[in-house]
Every structure is written in structure tokens, then in C-alpha cells.
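Values in this text are rule-based calculations from the coordinates and carry no lab data. In this text, all values refer to a predicted model and were calculated from it rather than measured experimentally. A quick note on method: Cβ atoms are made from the backbone with ideal geometry, for glycine too, and the neighbour counts reach across all protein chains shown.
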2 protein chains.
Amino acid sequence: MKSKFHSIYQHLIRDIHEGRYMPGDTLPSEHELTTQFEASRETIRKALKQLSEHGYIQKIQGKGSVVLDVQRLDFPVSGVTSFQELNQKLGMNASTAVVAFNELKATAEQAHAFQLPEEENLLEIARVRMIDGERIILDKDWFPKALVPGLTADICAGSIYAYIENTLELTISFAKKEIVVDVATEEDVELLDVEPGSHIVVVHSLTYLEDATLLQITESRHRPDRFRFVEFARRHKA
Amino acid sequence: MKSKFHSIYQHLIRDIHEGRYMPGDTLPSEHELTTQFEASRETIRKALKQLSEHGYIQKIQGKGSVVLDVQRLDFPVSGVTSFQELNQKLGMNASTAVVAFNELKATAEQAHAFQLPEEENLLEIARVRMIDGERIILDKDWFPKALVPGLTADICAGSIYAYIENTLELTISFAKKEIVVDVATEEDVELLDVEPGSHIVVVHSLTYLEDATLLQITESRHRPDRFRFVEFARRHKA
DNA sequence: CAGTGGTCTAGACCACGGG
DNA sequence: CCGTGGTCTAGACCACTGT
């Protein structure tokens, strides 16, 4: 992204993070920002719109753009973010073990979800995430094999997202997620540090590319005492 | 909202829900929509932007706006939505019992969160949500008393949000949420149909008005087997 | 009243996709 | 090549907030 409004957006985020604008302050008016960034007002407004959507500011008509307290939000499990990205950002003492890497035929249900001909080949990957020496998360992923050529078990031990976005140059665009609580399966007990009969938090995700093709189905199974999900949401009236 | 782009947005949503555009179809081009709605292209684009953010369409450069399959998303626990609104929308067989309605002094922590002088009066409300005859959810809310004049236990048995938005004419704007899993307290065991020692899904929320003042702190405690949270999220690269 | 954000317009140029 | 969406502009008018 090298668009003008996106640069302005990032510039203002940096200003907020570095404390040049504190929570409760109002940003300079849109008119002032047009001269500061040498941009038209609509361009400024696009940048402010994004800041507002991401929880950085609240726009108040007649007053200005008030900076919100973003401190309590800095654990962005919400949105579309990979475990490795979180690991780096938060400096978690984490590691990944690949426990399965199989090629198999799609089931009827999977073929339908991926809009592929039945019996198309899928990659099935299972990974255990360890944090501070404990096995906390079991991630199970399915990809259409044709979409991720060259993907190896070694790559899966690092960041699949980095491989997809940087090496394959695919653009991940959006995801649908569902969080439910399930009872631990035998597999959970075997692979994670959980007791039989314990609850497991299950995050199902469907991840899509920018042309709206389904790239990935994920089932992420979390030990409940280490699960945390944070969201910023705006209200949309009916 | 009676803005032009919002009417167009709603018009297109209705078209999608009523099947005039099916998943996989492309909407008419932005140029065509300008003549159809007698609006400028930027106005059309504002409407399409919202459709995109809410998961209705995916815009693809050079091609058009593709309609997504919105069927799997129609359980919007994500966003800022009240229990009563969900109840109505989904036709749940649900009821609410108010189990506490107290006026008390704010703790230091609460006073700080609400940015009120210490010892300001708060309302503390606890409600049990029953679905199909089972006590599933315990909601505990705190409001600054001054912000919700006239709120009674009777109103709390219905929709507090409806009272706030329709009667008090306040506008709820955004919320920060956190989902964690806790072990059932004695209070949970007493008020909900759960076993001692069971897990409880806890949703902490901070709800804000459009001038960014904190209106409400909520702790919503869910029986795990009936908890479900669905989200649509777009990826924002670092 | 002046200053703020909210909406809308008409036109321009660019980047991408597909024939 | 044309049609698509992506960005940017300059200017206009309105609605709201505060003095």
C-alpha cells in the first residue's frame, strides 16, 4: 500500500503510539491536516475513517477527532492474524511442532467449501503450539494442494502466512471465524497438556484470498486457561 | 441515518438478502450504479465500502464487486449487539430474570474507568438469561447512575439498550470486548445450571457513547456448551 | 457567530483484468 | 483495447458544537 491516505493513516498511528497525541486529545482539524499533509480533505478523511474503524480515534461532529486509549487493545487476536505474527509482536516464548503433514482427497463437504471438484487433493497439516514449555494449542489446517505449491513441513514449522504472502505472493483478504467450546478429544489429550474431560476452546476459521476464493480451513483448539480473544467493535444499528 | 450512501447501502443489502444478487454474482459496475441511484461515483463507493466491511461483497480490481455467501454469518454475536436484539432476531425461546439491582459507590478502579470522581454512584445490575428453560447466561452490568436516569429493574427485564437509545436518546458507538474462560464461581453455580468446577466463558465489555464516554461495564458469563461467537474480519497487514 | 465534522458532486488519472 | 475498481482533487452545502 503506497496510497497517500494510507501513508497519512500510518503517520498518525505512529504519532499516537509515540505519544505525540495522548488519549483524550483531539487531533488537528481536518482542515489543518490538509495543509500539514498537502492533501485534499477527502483524502484526510479516508485516513481518519480508518483510524476510527481500528479503534484509534472517535470522531465527534462539531468538536473533532478524539484520541482513544488504545493501550487495552494491544493483543489483537481479533482480525486475521497468524500465530507467528502474534508470537513476534508479543515476544512470547513460543515454538511450533508439526505433528502431521498429509496429502489426501477432499471429502464431499470440503470439496464443496473449496468449490473444487470432488477428490481434489488437499494438504492436511497439524501443529502443536508450545508456550513456556507447555503444549497449549493444536492447529489443524486444510489447503487445496494446488493453491500452495512448494509448501513443506519445514515451512509449516515457521509461518505459513509468510510463505503464502511473501513467497507465493498471494494476498489474504478476509476470514470468517467461529468460537465455540468443546470437550477434549483423545487427540487433544494426546497432543496437548490437558486432562481428559476438560473443555477446549475451538476457533474455526475460513480464510479467503482477495479474489474471494477459499484458501484455508482451520480448526484451532486452545487450552481454556490460556485462551484470550480481544475485539474492538462499532455498533451498527438495525 | 438518512444519508444517501446509507440508503444505497441498505437497498443493496435488501437486494442481496432477497436473492436479486446471488453469491458469486457481480454487482452492477460503479458506473452503472451511479445512474441507477442517481448519485456520484464516490457516493456509490461509500455504500460499497460498507458492504465490503460487513462481509457482503468482495471488491476485485478490474472485475467488479462479487457477492459473498452471507448465510453462514447471520449470527452476529460479533459487533455490539444486545441479548434482547439477538433474541428477537433469532426467535430464541428466551427470558430474563433480574437478580440484582443495587445502587453503590464506585470502587477506585471503576471510578478510574468511568473517569468519574471517586465515590460516584453506580448502578449494579445482574440478570440471568434463560433459554429453553435452562439458566445459560449471567450478565452483570455497571452504569454511572447519572448517565441512566429513570432506569428501573422492570426496564432491565426487557432491553436496557432500547431504553438507552430510544428513551434516553443516547447513541451507543463502540465497544471493547475480551473473551476468556474462567472456572465457575459459587455465584455461577447458584444462579446458572452448571456443575461446580465447570468452566465458564466470560465476555468482558466496555461500551462507549458517541462522545467516547464510557457508558457501561459488562461481565457476561456463559455456560460453555451454549456459547458461540461469530466474526467476519478483514486482514490488515503490518 | 466561527469552526468543526458529514455528505455529495464532477472530473481526473492510475492500475488491473480480460478480450 | 476497453471496462473495471482505486485514488485524489477542489469546491459546495449541511449539521452540530461552542463562544
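Points to keep in mind about this one:
- Amide H to amide H distances under 5 Å link A:Ser173 with A:Tyr208, A:Leu209, A:Glu210, where only residues 5 or more positions off or on other chains count and H is placed in the peptide plane.
- Inter-site label distance for A:Arg228 and B:Ala162 at 7 Å from Cα along Cβ, in nm: 3.7 nm
- Relative to the longest principal axis of the Cα atoms of chain B, helix B:4-17 runs at roughly 90 degrees.
- Rg and Dmax, both from the Cα atoms of the protein assembly as shown and both in Å, are 23.6, 67.
- The label point for A:Ala153 and the one for B:Thr26, both projected 7 Å from the Cα toward the Cβ, are 4.4 nm apart.
- Annotation: amide H-H contacts under 5 Å for A:Ile200 (H modelled 1.01 Å from N, sequence separation of 5 or more, or interchain): A:Asp182, A:Val183, A:Ala184.
- Note on the stretch A:128-207: Cα Rg divided by 2.2 N^0.38 Å, N the number of residues, gives 1.28.
- Rotationally averaged projected area of the stretch A:83-226 (alpha carbon convex hull; nm²): 8.7 nm²
- Relative intensity of the stretch B:4-72 on a log10 scale, I(q)/I(0) at q = 0.18, 0.23 Å⁻¹, equals -0.59, -1.00, per a Debye sum over C-alpha point scatterers of equal strength in the absence of solvent.
- Rounded to whole numbers, the Karplus 3J(HN,Hα) couplings from phi for the stretch B:120-130 are 5, 7, 10, 9, 10, 10, 10, 9, 9, 9, 10 Hz, using 6.51 cos²θ - 1.76 cosθ + 1.60 with θ = phi - 60°, and x at Gly and Pro.
- Kirkwood estimate for the stretch B:172-238, i.e. one over the average of 1/r between Cα atoms, Å: 13.9 Å
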